[in-house]
1. Please determine, in degrees from 0 to 90 and to the nearest 10, the orientation of helix 40-56 with respect to the longest principal axis defined by the Cα atoms of the chain, where the helix direction is its Cα long axis.
2. Between the helical axis of 96-112 and the dominant principal axis of the chain, each derived from Cα atoms, what acute angle in degrees is found, rounded to the nearest 10?
3. With springs connecting C-alpha atoms under 10 Å apart, model the chain as a Gaussian network and identify which of 38, 108, 77 has the largest mean-square fluctuation.
4. Which order do the peptides 58-64, 128-134, 138-144 take when ranked by the mean count of other beta-carbon atoms within 10 Å per residue, highest first?
5. For Rg and Dmax of the Cα atoms in Å, one of (1) 18.4, 62; (2) 27.3, 106; (3) 25.1, 106 was computed from the structure I shared and the rest are decoys. Which label?
6. What ranking, highest mean first, results for peptides 84-96, 175-187 when packing means the other Cβ atoms within 10 Å averaged over each residue?
7. Quick one: plug the Kirkwood hydrodynamic radius of region 95-143 (C-alpha pairs) into Stokes-Einstein at 10 °C, 1.306 mPa s, and report D in µm²/s.
8. Could the peptides 221-233, 205-217 be put in order, highest first, of the mean number of other beta-carbon atoms found within 10 Å of their residues?
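Only the coordinates and a few stated rules stand behind these numbers; no lab work does. If you're wondering where the values come from, they're calculated on a predicted model, not measured in any experiment. Don't worry about glycine lacking a Cβ; one is built from the backbone with ideal geometry, like all the others, and counts go over all protein chains shown.
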C-alpha cells in the first residue's frame with residue numbers, strides 16, 4: 001500500500017471518528033434526560049460535556065453550557081476548573097444577570113488567591129453595567145470585607161464600595177461605620193470631604209438618624225468650609241431640612257414654605 005493511500009485512509013478514519021456538533025449536542029441531551037444525573041458521577045460527566053461544548057463553540061447554546069459548567073465547578077469549589085471557564089464566559093457577556101454572577105464568582109476566586117486588584121476590576125465592571133441584585137450586593141460586601149481583613153493594599157475606595165453595598169441592602173449602620181473608618185484611617189485622602197458628606201447623607205436620607213446626620217454635616221463644615229457643597233450643607237442645617245418631610249422640603253425649595 002503506498003504512502004498516499006495510507007494517508008487518505010487515515011484521514012477518512014479520523015473524519016469518521018470525529019463527532020459533529022449535532023452528535024455532541026444530542027449526547028448532552030441524552031445524558032440530561034437519563035438517570036445518570038441522579039449520581040455525583042453523572043453530574044460531573046455532564047459538566048465536562050458542557051465544558052467541552054461551551055469552549056469549542058460560541059453560539060447561544062454553547063454559552064449556556066459554558067455558564068453551567070463554570071457554575072458547577074465553582075460551587076464544587078473546583079476553582080482551578082472554574083476559573084478559565086468564567087474568564088471565557090464574561091468575554092462573551094450574553095446575559096447581563098448571568099454576567100454579573102460569573103464576574104463576581106471569578107472575583108471571589110481572585111480574592112481567595114489574594115489577587116485583589118483583579119477582583120476589584122471585576123466588581124467595577126459589574127457596577128458599571130446594571131444595579132446588582134441583593135444577593136450580588138452581599139457577595140460584594142464579603143469580597144471587600146475579605147480584602148480589608150487580609151490587610152493587603154487597602155484603599156479608601158474599598159471602604160466606599162463597602163459602604164455603597166451596605167446601603168444597597170439596608171445595613172445603614174455598617175455603611176456609616178465603613179465611611180467613618182475611612183475618614184479616620186485616611187486623613188490625607190483627596191476625597192475625604194466626600195466621605196464625610198456621604199456619611200451625613202446616608203444617615204439623613206436612609207437611616208433617618210437626623211442627630212447623626214447633623215453631626216457629620218457639622219463636621220464637614222468644620223473640616224471643609226470652602227468646599228463646593230458647603231453652602232448646601234449650611235442650608236440643610238440652618239433651614240431645619242433635617243426634620244422636614246420630602247414634601248415640606250420640596251415646598252420650601254419652591255418658595256412656598258413659611
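1. 90 degrees
2. Computed tilt is about 90 degrees.
3. Result: 38 has the largest fluctuation of those listed.
4. Values: 58-64: 14.7, 128-134: 12.0, 138-144: 20.6.
Sorting 58-64, 128-134, 138-144 by mean packing, highest first, produces 138-144, 58-64, 128-134.
5. Label of the calculated value: (2).
6. Numbers: 84-96: 17.5, 175-187: 19.1.
Highest-to-lowest ranking by the protection proxy: 175-187, 84-96.
7. Numbers: Rh = 10.4 Å.
Roughly 152 µm²/s, to the nearest whole number.
8. 205-217, 221-233
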